[in-house]
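The values are calculated or read from the model by the stated rules, or taken from the named source; none is laboratory data. Not measured: the values here are computed from a predicted model. Cβ placement follows ideal geometry from the backbone for every residue including glycine, while neighbour counts extend to all protein chains displayed. We work out accessible area using only protein heavy atoms, side chains counted, and drop any ligands, DNA or RNA first. Shrake-Rupley method; radii C 1.70, N 1.55, O 1.52, S 1.80 Å.
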Amino acid sequence: MIRLTTKVLLQFLAFIIVGISIPMNAQETQTYNGPLQIGKYDGKATYSYKLVENDTVLDGDFTVLRSNLQELLEKQDYSFQFKGSFVNGTANGPWKFQFGEFNSKSQSEVIDYQYRVLVSGIQKSAIGKIKMGKPNGKWTILEEEIENSEISKTLFKSVISFDNGVPQQNFSINNENYTLVGRFLRDGLAHDEWSLFPSNGMDQSESWYFKDGLLQSIRVDDESDHKTIKAYEGYNGQTKIINLNAGYIKALEIQLSQVDVDILHHNSLPELLKQNAARYQEVDEILSELGKSKFLPELKVKVPYYPLDSLEVTKVDSIVSYYKKAHELSESILHNSQLNILKLSDNNTAYQYNTVLQLKENFLKPIQEIVSYDSLKILEYTSPEQLVNHVFPTGMPRSEMDIKIKIDSVEASKLYSIPSTALINFENSNIENIEAVAKMGYDGILAIANEVKESLAQEKRQNELASLEEEIISQNDLLVTFIEAINDSISLKYANSLHQIKLFASTTLNDYSKVKSAQNRLAAARNTVGCLDNLNDLSRTISQMPVYHTAIKESYTDRIWNPFMATLMDEDIKKKITSAYSKILEPYFLTEIEQHISCETIEDLNNTITATYKKVLELKNQDTKKLERKLKKERDPVTVLEMLNVQNTTKQ
């Protein structure tokens, strides 16, 4: 038997105590006082928390608030106060949320020796209990208008009771215009009568009758009449529980006739539910920023359920794809500015444009509804037969359409047949026929898009050709005017080259006029414009060649002292270089213009002349002894250009 001494036993116990106390100390609750930002709310907070694996976990009382008297007195202040408690990072217990936007007209009163500032604005509040992140018990949400610190009007009020997040029993929601009252079963399903009535007692009222979550009928009453609209009454098939939201209202509309849809004030009941959901969403976002939250209430209803199999799901995806492609193409056509102008005078373009409009109306518009139902995930809440009857009330569209146009008060029409392999066959399923409609719409618009593309391309080519031909005339006139203006003021050798440029321009215009093919004429026009543009540049360069000659001569002339004459005299330097330019290169350039000019070489020749002039000027201040020895016996202009290190692109 092993015996522990007293000392060893005490050490062992101390080790155990310290080991246990370390994690216990890490779980100790601490308090924070200071600034805190929760989404868009920035205020001063006081709360309890504990550190768990280096994360701050709220645990205990929590308060954050903001108000600023100075801002209130100067302009407007937004204030808020969120007060409640957390358990291990989850909201739990009584909570109160207040939001306000106030201003003051600097009005005040003295109460019990204290100044009281009177404020006006909007006060929002949400008060109730939370059970581990979920609303529990009665929750009251208010939005009130405040005038001089007194409630002047209730803009919105919602009173709903919950059991661990599930709405229970009676509820009421009202805004300035309508009040909605109803009740839920213990499982949160809508039940019995939900009544929507106007605050003024004059507008239309509605009563929605639910049975275990399934809407049976709607009674609509106004001053003179009442009507009962059948919803899902008598349905005993498969159902599914969903949230009462915008998707549910849309699914309901599919079951109803357009007359019944028009009778209902759907903008009232859904709007109240939407306003209510927005306020719960605001609270949920705050709690979610701080910890775990499932605060959003789920008002439950039942709907008929027609589940889609995998093949039908694939076909729905195909319908959505066809619609998106067709919609994009149709919008690009209908909003094309060039096409919108062209259709005013061109019959073919007008037919194309109006065909797209008709395809959009007959095919894309109903398919768009189905795509929207798919985005809301409600296609399974209606039978395929009801869906088809709702979306195509007059029957599915035909592949042939009579397209009408009107230009200059003259009306005309033409039959258009969609070039598509898709066919509507009533032996097929409804989903298959809807897919066929989607494909036909896409195929029709795609065919028109291809036609329009060619029409616009042709129109673009014609417009470009007209613009280019105007440019051709303009460039030629500019060239002729320039040459004639300087002809008498320039030496003969330069004038001869300019005259040759003028003749070549005339020949170029004559060659262009002989191009008859529409396909080749545009390319020829582009080349002719470029050629004339380069001829104008070259003619201006030739007009500067006398200036180049003089500048080189002056640059290579130095003032030197002549002791025999006892005076300063001009002396030419680096004569081999200046001679190469004036006697070899310049004549070569002029000869090239007069004998070998072509549209392909004009630009390069012009660049070579300019580059040679700049290079000769640069050589004046460089060591050129070796170059001058090489130039002494050289007479070939191409070789001379190579010696000067000037790229002679005219011979490449």
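Numbers for the structure displayed
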quantity	calculated
Candidate set from the stretch 492-514 (those that are of a type in the set (A, V, I, L, M, F, W, C) and in contact (Cβ under 8 Å) with a residue 12 or more places away in the chain); member that is nearest to E471 (Cα to Cα)	L509
Every residue from the stretch 254-270 that is open to solvent by 20 Å² or more (accessible area, probe 1.4 Å) and touching a residue at least 60 places away in the same chain (Cβ under 8 Å)	Q255, Q258, H265
Every residue from the stretch 80-124 that is modelled with pLDDT of 70 or more, more than 17 Å from E147 (Cβ to Cβ), not in a loop (DSSP other than H, G, I, E, B) and not hydrophobic (A, V, I, L, M, F, W, C)	Q81, K83, G84, S85, T90, G93, P94, K96, Q98
The stretch 390-409, subset over 35 Å from the mean Cα position of the chain (by Cα) and of a type in the set (S, T, N, Q), residue most open to solvent (accessible area, probe 1.4 Å)	T394
Breaking point among (1) open to solvent by 70 Å² or more (accessible area, probe 1.4 Å); (2) part of a strand (DSSP E or B), for H191	(1)
Residue in the stretch 299-316 that is open to solvent by less than 30 Å² (accessible area, probe 1.4 Å) and part of a helix (DSSP H, G or I) present	yes
Looking only at the stretch 515-556, and only at residues there that are of a type outside the set (A, V, I, L, M) and free of Cβ contacts under 8 Å to residues at least 12 places away in the same chain, the one that is surrounded by the most Cβ atoms within 10 Å (Cβ to Cβ)	Q544
Pairs, first farther than 14 Å from I122 by Cβ in the stretch 135-154, second open to solvent by 60 Å² or more (accessible area, probe 1.4 Å) and of a type in the set (D, E, K, R), C-beta under 7 Å, six or more apart	N136/K129; N136/D163; G137/K129
Residue identified as at pLDDT below 90 and surrounded by fewer than 20 Cβ atoms within 10 Å (Cβ to Cβ) among T624, T639	T624
For L189: the one exception among (1) touching a helix residue (DSSP H, G or I) at 6+ places or on another chain (Cβ under 7 Å); (2) within 30 Å of T239 (Cα to Cα)	(1)
L379 being open to solvent by 30 Å² or more (accessible area, probe 1.4 Å) and either of a type in the set (A, V, I, L, M) or touching a residue at least 12 places away in the same chain (Cβ under 8 Å) (or both)	no
The lone exception for A326 - which of (1) closer than 23 Å to K414 by Cβ; (2) in a loop (DSSP other than H, G, I, E, B) it fails	(2)
Subset of the stretch 248-258 [at pLDDT 85 or above and of a type outside the set (S, T, Y)]	I249, K250, A251, L252, E253, I254, Q255, L256
Tabulated pairs, the stretch 30-42, first surrounded by 10 or more Cβ atoms within 10 Å (Cβ to Cβ), second charged (D, E, K, R) and not in a strand (DSSP E or B), C-beta under 8 angstrom, 6+ apart or interchain	I38/E289; G39/E285; G39/E289
From F156, F162, F171, F210, residue being in contact with a His (Cβ under 9 Å, 6 or more places away or on another chain) and assigned to a strand (DSSP E or B)	F210
Odd one out for A438 among (1) open to solvent by 30 Å² or more (accessible area, probe 1.4 Å); (2) at pLDDT 95 or above	(1)
Filter result for N487 (within 21 Å of N606 (Cα to Cα), open to solvent by 30 Å² or more (accessible area, probe 1.4 Å) and at pLDDT below 90)	yes
Breaking point among (1) open to solvent by 70 Å² or more (accessible area, probe 1.4 Å); (2) on the phi < 0 side of the Ramachandran plot; (3) of a type outside the set (A, V, I, L, M, F, W, C), for N243	(1)
Qualifying residue in the stretch 261-275 (condition: over 20 Å from R183 (Cα atoms), under 29 Å from the mean Cα position of the chain (by Cα) and not in a loop (DSSP other than H, G, I, E, B))	no
Residue in the stretch 276-298 that is nearest to N88 (Cα to Cα), counting only those that are touching a strand residue (DSSP E or B) at 6+ places or on another chain (Cβ under 7 Å) and open to solvent by 50 Å² or more (accessible area, probe 1.4 Å)	K292
Qualifying residues in the stretch 425-435 (those that are open to solvent by 60 Å² or more (accessible area, probe 1.4 Å) and either among the polar types (S, T, N, Q) or within 16 Å of I367 (Cβ to Cβ) (or both)) - the one modelled with the highest pLDDT	E432
L357 touching a helix residue (DSSP H, G or I) at 6+ places or on another chain (Cβ under 6 Å) and surrounded by 13 or more Cβ atoms within 10 Å (Cβ to Cβ)	no
Residues that are in contact (Cβ under 8 Å) with a residue 24 or more places away in the chain, over 60 Å from the mean Cα position of the chain (by Cα) and in a helix (DSSP H, G or I), drawn from the stretch 477-491	none
Exclusive hit being of a type in the set (S, T, Y), at pLDDT below 95 and either in contact with a Phe, Trp or Tyr (Cβ under 8 Å, 6 or more places away or on another chain) or not in a helix (DSSP H, G or I) (or both), set Y280, Y353	Y280
Answer from A422, A412 - the residue that is within 34 Å of the chain's Cα centre (by Cα) and open to solvent by less than 100 Å² (accessible area, probe 1.4 Å)	A422
Tally of residues being surrounded by 13 or more Cβ atoms within 10 Å (Cβ to Cβ) and part of a strand (DSSP E or B) across the stretch 213-227	9
Every residue from the stretch 321-347 that is among the β-branched types (V, I, T), in contact (Cβ under 8 Å) with a residue 60 or more places away in the chain and surrounded by fewer than 19 Cβ atoms within 10 Å (Cβ to Cβ)	none
Matching option when the condition is free of Cβ contacts under 8 Å to residues at least 12 places away in the same chain and under 34 Å from the mean Cα position of the chain (by Cα), among K453, K460, K439	K453
Near pairs, Cβ below 7 angstrom, 6+ apart or cross-chain, from the stretch 302-315 (at negative phi and of a type outside the set (K, R)) to any residue that is open to solvent by 70 Å² or more (accessible area, probe 1.4 Å) and not in a helix (DSSP H, G or I)	V303/K240; Y305/Q238; Y305/K240
